[in-house]
Number of protein chains: 2
Amino acid sequence: MIHVGRVPVGGNSPIAVQSMTNTDTRDVETTVAQIMALEDAGCEIIRVAVLDTEAAQAISSIREQITIPLIADIHFDSRLAVSAMENGAQGIRINPGNLGGADKLARVVDAARAYRVPIRVGVNSGSIEKDLLKEHGYPTSENPTALIESAMRNVRLLEALDFEEIKISIKSSDTLTAISGYQQLSKLTDYPLHLGVTEAGGLIAGTVKSSVALGILLHQGIGDTFRISLTRDPVEEIRVCFELLRSLKIRERGPELISCPTCGRTQIDLFSIAEEVERYVQKMEKPIKVAVMGCVVNGPGEAKEADIGLAGGNGVGIIFKKGKLYKKVKEEELLAAFLDELKKIEQNQ
Amino acid sequence: MIHVGRVPVGGNSPIAVQSMTNTDTRDVETTVAQIMALEDAGCEIIRVAVLDTEAAQAISSIREQITIPLIADIHFDSRLAVSAMENGAQGIRINPGNLGGADKLARVVDAARAYRVPIRVGVNSGSIEKDLLKEHGYPTSENPTALIESAMRNVRLLEALDFEEIKISIKSSDTLTAISGYQQLSKLTDYPLHLGVTEAGGLIAGTVKSSVALGILLHQGIGDTFRISLTRDPVEEIRVCFELLRSLKIRERGPELISCPTCGRTQIDLFSIAEEVERYVQKMEKPIKVAVMGCVVNGPGEAKEADIGLAGGNGVGIIFKKGKLYKKVKEEELLAAFLDELKKIEQNQ
């Protein structure tokens, strides 16, 4: 187990949810605003890109204004890594092998030790060393060896300096390579694993790819923290993270909304009711199960496991609790009456 | 293996992609329009709810105007089932145990045999027989027995009539119950399995739950056809279906778009470029890999496996092919130049 600031990662700790800002890190105000939106959504660790000294120095002002731990993402430059830690980064993501030699790596590791900062060795399919590609071939689902060897080579460089506050990621944009890579890696090492599919794509394609790969891995008990990367507002990433954890009953945050896809039986405008209810429950904290069903006939039965639900049709709407009728209301009053009930639950009435 | 119209389901057939209309089936025009939009999106089998005789009769006019096979979804009413088949339904979804007795079931099975129509036994957590709930408890991931027994009891009713053109679904709104239920069912029977998570929810929650459950099952080789149900336009369901199949390399339809999540390094408006490219490739048929990357430095390397990609930053954009620079263009011309290249690929130039 390691700690990123106050957040434990690995062992029996809760799977930690991460995101990364897509702002210019030097623009403190914009970056802080994005991190605060991410905190509200439930993000537990934030990573920022550090491209130059000014960005490394900005970390100090950023940290003053946020509450979750911050990781600096650095490529190639050992001085930026040291500067980021001096300025308060609580984790760094670097690849020890590409910092430009043993001396430079030693300085980074000394700083990490001094500031008690863990290092994520984060390799991906596109950044594998040439000799490993030559020996093992480009990583595939059948043979992800190059990816794993690249990570383990970087890990050994840190271990040689007696540094073991490590977590590892091996990212691929290919779902099956990510799955088999992490499966094999998890057998080779006890370091915490950071899961992710890289360049996953837009909202839907990225959500599907990440849900499949990370779903399979987390279901097998593999992975200690993860990021879902989408070509989108990072707040959406966090929302997908929690839906994923909830679907596997690993962690819950706020209500779960189940709703039927509607069919020829549906006689009310369920899409807009579902959207209104979804908007409301996103602000609730309690992990209750809420159902929005199209028809009175099958709705309550099909959503028996819901703590509270609604079903409409033919002028009369009903509110049900645990599959049993709780209240009948006129259909046009259904949404308002239902939101009232949710409010009561929220206020423990 | 069974056939729904001309679409084979089971054995080594391609995993068939389904959806269900949410229109009033009696409204032929609206229903046909929705089915045609679904066909365009790649839907291979369509299901419609049949609530009354008029809906059953509408099937005949609907079928004249569509090309994919049609399944009638029927609850409780044997006469509707027979009428749906008389009117051209190429599959029916009923639960033999709740048709009201042996005589009625026999009439449905006779019609199914006469019209060569397969029957889906489709049970879900909310519709399990009381005696099975009493004996086995409400289905959970640890003990999905009631769900499986309910399906198998219905299957045995059909087998007793020497009818074996069967597929089975056992739907739950709980991801883990769906996973363990189908895993156990697949060991008990060789009938084709129709996968699905019921009441999965809205676009994101539903996509995540379905991707996790169906991703795990399909990755294990379980499942012959599936529907992803979302409280949304069913065309979105089909899109998610194909993203899921693609992510597991089971089937491909059109280009795969990979794109980076952007970070502090990104100096162009990648979100809108990615959206434009996504819109364009959705109309393409070739299963090429297309990358949209934020930065020239790492982009082409990280997207090495892409057939074609773009990366921007600092006034100059590049187009790369298989990780190698293909063309430099001014950033403001990048999108147009890229779409031109995609067009060339489409036209085999």
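The values are calculated or read from the model by the stated rules, or taken from the named source; none is laboratory data. Please read all numbers here as calculations on a predicted model, not as lab measurements. Ideal geometry is used to build each Cβ from the backbone, glycine not excepted, and the neighbour counts take in all protein chains shown.
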Next item on the list: Those residues that are at pLDDT below 80 and β-branched (V, I, T), I need them from segment B:258-287; list them, please.
Entry: B:T262, B:T266, B:I268
Margin query: Quick check on B:A200: is it in contact with a Gly (Cβ under 7 Å, 6 or more places away or on another chain) and among the aliphatic types (A, V, I, L, M)?
Written below: yes
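Kindly indicate which of A:Q34, A:Q65 is polar (S, T, N, Q) and either more than 14 Å from chain B (Cβ to nearest Cβ) or surrounded by fewer than 19 Cβ atoms within 10 Å (Cβ to Cβ) (or both). Steps first, answer last, please.
On the way: A:Q34 fails: either more than 14 Å from chain B (Cβ to nearest Cβ) or surrounded by fewer than 19 Cβ atoms within 10 Å (Cβ to Cβ) (or both).
So the residue among A:Q34, A:Q65 that is polar (S, T, N, Q) and either more than 14 Å from chain B (Cβ to nearest Cβ) or surrounded by fewer than 19 Cβ atoms within 10 Å (Cβ to Cβ) (or both) is A:Q65.
Can you spot a residue in segment A:97-106 that is within 14 Å of chain B (Cβ to nearest Cβ), free of Cβ contacts under 8 Å to residues at least 40 places away in the same chain and of a type in the set (K, R)?
Going residue by residue through segment A:97-106, those that are within 14 Å of chain B (Cβ to nearest Cβ) are A:98.
With the extra rule that they be free of Cβ contacts under 8 Å to residues at least 40 places away in the same chain, the set shrinks to A:98.
Still in the running and of a type in the set (K, R): none.
Checking segment A:97-106: not a single residue is within 14 Å of chain B (Cβ to nearest Cβ), free of Cβ contacts under 8 Å to residues at least 40 places away in the same chain and of a type in the set (K, R).
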Next item on the list: Please find, within segment B:156-165, the residue that is surrounded by the fewest Cβ atoms within 10 Å (Cβ to Cβ) out of those that are free of Cβ contacts under 8 Å to residues at least 60 places away in the same chain and more than 21 Å from B:N12 (Cα to Cα).
Entry: B:D162
Margin query: Checking A:S125 against (1) farther than 24 Å from B:P255 by Cβ; (2) in contact (Cβ under 8 Å) with a residue 60 or more places away in the chain; (3) not β-branched (V, I, T), only one condition comes out false. Which one?
Written below: (1)
Notebook entry, point to check: From the list A:S173, A:S186, which one is assigned by TED's automatic domain parsing to the domain that holds A:F226 and modelled with pLDDT under 95?
Noted result: A:S173
Margin query: Condition first: more than 8 Å from chain A (Cβ to nearest Cβ) and free of Cβ contacts under 8 Å to residues at least 12 places away in the same chain. Now tell me which residues in segment B:166-211 satisfy that.
Written below: B:K187, B:D190
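So, in segment A:129-143, exactly how many residues are within 13 Å of chain B (Cβ to nearest Cβ) and of a type outside the set (G, A, S)? Working first, answer last.
Within segment A:129-143, the first condition is being within 13 Å of chain B (Cβ to nearest Cβ), and the residues that meet it are A:129-130, A:133, A:137-142.
Applying the additional criterion that residues be of a type outside the set (G, A, S) yields A:129-130, A:133, A:138-140, A:142.
Result for segment A:129-143: 7.
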Notebook entry, point to check: What are the residues in segment B:37-49 that are away from chain A (no Cβ under 14 Å), part of a helix (DSSP H, G or I) and either in contact with an Asp or Glu (Cβ under 9 Å, 6 or more places away or on another chain) or crowded, with 20+ Cβ neighbours inside 10 Å (or both), if any?
Noted result: B:A37
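Yes/no per residue for (1) at pLDDT 80 or above; (2) on the phi > 0 side of the Ramachandran plot; (3) in contact with a Lys or Arg (Cβ under 8 Å, 6 or more places away or on another chain):
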site	(1), (2), (3)
A:K289	yes, no, no
A:G294	yes, no, yes
A:G301	no, no, no
A:D307	yes, no, yes
A:N314	no, yes, no
A:I318	yes, no, yes
A:K327	yes, no, no
Next item on the list: Would you point out which residue out of A:V32, A:V4, A:V82, A:V48 is of a type in the set (V, I, T) and over 20 Å from A:A111 (Cα atoms)?
Entry: A:V32
Notebook entry, point to check: Can you pull out the helices (runs of 4 or more DSSP H) entirely within segment A:226-331 that have at least 1 residues that are more than 10 Å from every other protein chain (Cβ to nearest Cβ) and surrounded by 16 or more Cβ atoms within 10 Å (Cβ to Cβ)?
Noted result: A:234-247, A:270-281
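Taking segment A:7-31, which residues are within 10 Å of chain B (Cβ to nearest Cβ) and over 16 Å from B:Q267 (Cβ atoms)?
Filtering segment A:7-31 for residues within 10 Å of chain B (Cβ to nearest Cβ) gives A:19-27, A:31.
Residues satisfying the conditions are A:S19, A:M20.
Take the conditions out of contact with any Phe, Trp or Tyr (no Cβ under 8 Å at 6 or more places or on another chain), more than 27 Å from A:K249 (Cβ to Cβ), assigned to a helix (DSSP H, G or I) and not assigned by TED's automatic domain parsing to the domain that holds A:L38 and apply them to A:L334. Does it pass?
Details: out of contact with any Phe, Trp or Tyr (no Cβ under 8 Å at 6 or more places or on another chain): yes; more than 27 Å from A:K249 (Cβ to Cβ): yes; assigned to a helix (DSSP H, G or I): yes; not assigned by TED's automatic domain parsing to the domain that holds A:L38: yes.
Answer is yes for this residue.
Please enumerate the residues belonging to segment B:71-87 that are farther than 19 Å from B:G100 by Cα and surrounded by 23 or more Cβ atoms within 10 Å (Cβ to Cβ). Give the steps one after another, and end with the answer.
Within segment B:71-87, the subset farther than 19 Å from B:G100 by Cα is B:71, B:86-87.
Scanning segment B:71-87 gives a single hit, B:I71.
Go through segment B:144-165 and give me each residue that's among the polar types (S, T, N, Q) and either within 29 Å of B:G202 (Cβ to Cβ) or within 14 Å of chain A (Cβ to nearest Cβ) (or both).
B:S150
Could you pull out the residue among A:L248, A:L244 that is more than 28 Å from B:I71 (Cβ to Cβ), modelled with pLDDT of 90 or more and in contact with a His (Cβ under 9 Å, 6 or more places away or on another chain)?
Numbers: A:L244 fails: in contact with a His (Cβ under 9 Å, 6 or more places away or on another chain).
Just one listed residue meets the conditions, A:L248.
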Check: Which condition does B:G126 not pass, out of (1) surrounded by 19 or more Cβ atoms within 10 Å (Cβ to Cβ); (2) more than 14 Å from chain A (Cβ to nearest Cβ), if it passes all the others?
Finding: (2)
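When the residues of segment B:8-22 are filtered to those that are among the polar types (S, T, N, Q) and crowded, with 23+ Cβ neighbours inside 10 Å, which remaining residue is farthest from B:I66 (Cα to Cα)? Steps first, please.
First, pick out the residues of segment B:8-22 that are among the polar types (S, T, N, Q): B:12-13, B:18-19, B:21-22.
Still in the running and crowded, with 23+ Cβ neighbours inside 10 Å: B:18-19, B:21-22.
Numbers: B:Q18: 14, B:S19: 14, B:T21: 13, B:N22: 16 Å.
Filtering segment B:8-22 for residues that are among the polar types (S, T, N, Q) and crowded, with 23+ Cβ neighbours inside 10 Å, the one farthest from B:I66 (Cα to Cα) comes out as B:N22.
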